[in-house]
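Remarks on the structure that follows.
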Amino acid sequence: MPIRTLAAAVALMLAGSAGALEIHLPPETAAYKPSELPGYQLVQRNCMTCHAAQYASSQPPASPRAYWEATVKKMKKPFGAQFADEDMPAMVDYLVKTYGAERGAAAPAVAKPAAAAPAAAASGKDVKTLLAANGCMACHALDQKVVGPGFTEVAARYKGKDGVAAVAANIRNGGAGKWGPVPMPPFSQLSEADAATLAKYVLSR
């Protein structure tokens, strides 16, 4: 069979099957390894909005700190990840000590008092402060989908009984599959009171 005829046949086969092809991705279930290092919460918050946790575990285990620094910087520029420059050192520290060449290095003593965090988080911060501190508007807008759903869409779904409790639990626990394939990382560092403040704001849209 002449090459042109063969190419044409292949093209027809592909064209005929293209309309029937559907791909359904399973919901994201992987998670970053828990740690007392400050960068753990930052990585959960900043990295899972764009890719799965397997990205970190698939990197060479002997990767030095410089490798992880370059990787984190690459995610911000040129890829455009939305996190603050001051978050980067803690994120790198967590990644290299959890997945890279410094695995097993002890967490600094200052990271230990986990019991103090809820008390500080329960201080009743205002909504604007909570939105900015947790990077909410990097993935959400008021009335349109960005990475995650717009707040008006969330409000429409959870309108009515126990809506605040449900949305607050989703904020603290994270999840996947409710609004598409991109997972929402957990914001477990938030107190129940602050999560409820955010939930009330979302549901008021």
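Just give me the residues in the range 189-205 being within 17 Å of Cys139 (Cβ to Cβ), in contact (Cβ under 8 Å) with a residue 40 or more places away in the chain and not charged (D, E, K, R), in sequence order. Hits for the range 189-205 are Gln189, Leu190, Leu198, Tyr201, Val202. Looking only at residues in the range 77-109 that are open to solvent by 60 Å² or more (accessible area, probe 1.4 Å) and in a helix (DSSP H, G or I), the one that is farthest from Gln41 (Cα to Cα) is Ala109.
Can you tell me which residues in the range 52-76 are among the aliphatic types (A, V, I, L, M) and either open to solvent by 80 Å² or more (accessible area, probe 1.4 Å) or farther than 23 Å from Gly177 by Cβ (or both)?
Step one: filter the range 52-76 for residues among the aliphatic types (A, V, I, L, M), giving 52-53, 56, 62, 66, 70, 72, 75.
Those that are among the aliphatic types (A, V, I, L, M) and either open to solvent by 80 Å² or more (accessible area, probe 1.4 Å) or farther than 23 Å from Gly177 by Cβ (or both): Ala62, Ala66, Ala70, Val72, Met75.
Please list, ordered by residue number, the helices (runs of 4 or more DSSP H) wholly in the range 127-205 having 1 or more residues that are open to solvent by less than 20 Å² (accessible area, probe 1.4 Å) and among the charged types (D, E, K, R).
192-203
Contact map, the range 145-164: residues that are modelled with pLDDT of 85 or more paired with residues that are among the β-branched types (Val, Ile, Thr), Cβ distance under 8 Å, separation 6+ or inter-chain. Pairs shown: Phe151/Val202; Val154/Val167; Val154/Val202; Ala155/Val202; Tyr158/Val167.
The values are calculated or read from the model by the stated rules, or taken from the named source; none is laboratory data. Keep in mind that what you see is a predicted model, and the values were worked out from it rather than measured. Don't worry about glycine lacking a Cβ; one is built from the backbone with ideal geometry, like all the others, and counts go over all protein chains shown. These area figures cover heavy atoms from the full protein model, side chains too; ligands, DNA and RNA do not enter into them. Shrake-Rupley method; radii C 1.70, N 1.55, O 1.52, S 1.80 Å.
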